[in-house]
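Student: There's a structure below that I have some questions on.
The values are calculated or read from the model by the stated rules, or taken from the named source; none is laboratory data. All values reported here derive from a predicted model rather than from experimental measurement. Cβ: placed from backbone, ideal geometry, glycine included. Neighbour counts: every protein chain shown. The protein model used for the area step is the full one, side chains on, heavy atoms only, and it has no ligands, DNA or RNA in it. Shrake-Rupley method; radii C 1.70, N 1.55, O 1.52, S 1.80 Å.
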Amino acid sequence: MTVSDPKADLHRYLQTAREALLWKLDGLSEYDIRRPMTPTGTNLLGLVKHVASVEFGYFSDTFGRPSGEPLPWHEDDAEPNADMWATADESREQITALYHRAWAHADATINELRLDAVGRVAWWPAERREVTLHRILIHVIAETNRHAGHADIVRELIDGAAGLRADNGNLPAADQAWWQSYWSRLEQTAQEAGKSR
């Protein structure tokens with residue numbers, strides 16, 4: 001059995017989730033990365049903008065390491081959900097560059113602090129505000145993976161592309177006919193179950 005480095009393991013899982021989320025933008029038009037695909041407006045570029053904001057929030061002021069990055073969508077007078085979509089003036093390149101700057105700032109925090117380093121999340125309830133880097137890493141990994149999962153579904157709805165990443169779909173190797181048959185079988189099962197209950 002090899003010896004594991006817990007901080008390195010957590011950092012690797014965070015990086016994998018980051019890359020999975022960002023990969024969902026590849027090959028899509030400006031319209032497709034911005035178009036709302038759910039009744040609540042979930043869209044790919046908005047997910048990236050949101051997760052960039054999350055990393056800046058949790059790995060900067062929480063540990064007394066302000067990033068200096070302006071995030072106007074978090075100001076008191078910002079409209080609700082302003083971090084969940086990109087305005088026409090915010091380009092794909094700007095949002096992805098923001099995310100890369102968030103990675104760099106977070107990575108510096110992760111590299112410089114111990115897992116038991118204590119921070120304070122100002123927007124959490126008072127009884128839970130004091131945290132460790134370990135807890136924040138787990139929180140941000142969970143948040144990033146949650147939104148990467150949203151991005152998986154949104155991307156599949158846009159153009160049918162699915163999977164974990166370009167070199168590993170993490171799906172059964174099957175042709176379109178198999179997937180159509182599979183989908184039909186699931187639909188039939190759902191209808192049958194719906195009639196019997």
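Student: Give the calculated FRET efficiency between D26 and R120 to the nearest 0.05, with a Förster radius of 45 Å applied to their Cβ-Cβ distance.
Tutor: With R0 = 45 Å, the Cβ-Cβ based efficiency is 0.75.
Student: Find how many whole Å separate the alpha carbon centroid of the stretch 144-197 from the alpha carbon centroid of the stretch 11-76.
Tutor: Using only Cα atoms to place each centre, the spacing works out to 24 Å.
Student: For the stretch 1-146, with all protein chains present and a 1.4 Å probe, just round the carbon and sulfur fraction of the accessible area to a whole percent. It would help to have the intermediate numbers written out before the result.
Tutor: Details: 4320 of 7930 Å².
Carbon plus sulfur share of accessible area: 54 percent.
Student: Next up: Which cross-chain or sequence-distant (5 or more) residues have an amide H under 5 Å from the amide H of T132, H modelled 1.01 Å from N in plane?
Tutor: G119
Student: Also, quick follow-up: In terms of modelled amide H atoms, which long-range or inter-chain residues lie less than 5 Å from the amide H of A86?
Tutor: Long-range HN contacts for A86: G46.
Student: Per residue, how large is the accessible surface of the stretch 60-197? Use a 1.4 angstrom probe and give square angstrom.
Tutor: I get 66 Å² per residue for the stretch 60-197.
Student: Residues in the stretch 138-152, backbone N under 18 Å from the label point at S4 (7 Å along the Cα-to-beta-carbon vector): list them, ranges by number please.
Tutor: Residues 138-142 fall inside that zone.
Student: DSSP loop (so not H, G, I, E, B), at most 13 other Cβ within 10 Å: list which chymotrypsin sites (Phe, Trp or Tyr not before Pro) in the stretch 93-154 pass both filters.
Tutor: W123
Student: Of the listed values (1) 176; (2) 126; (3) 202, grab the one calculated as volume of the Cα convex hull per residue in Å³ from the structure here.
Tutor: Computing volume of the Cα convex hull per residue in Å³ and matching it to (1) 176; (2) 126; (3) 202 gives (3).
Student: Treating only the Cβ of Lys, Arg, Asp and Glu as charged (+1, +1, -1, -1), what charge dipole size does the stretch 47-197 show about its Cα centre? Round to the nearest 20 debye.
Tutor: 620
Student: Helix 6-23 sits at what angle to the longest principal axis of the chain, using alpha carbons and giving 0 to 90 degrees rounded to 10?
Tutor: 50
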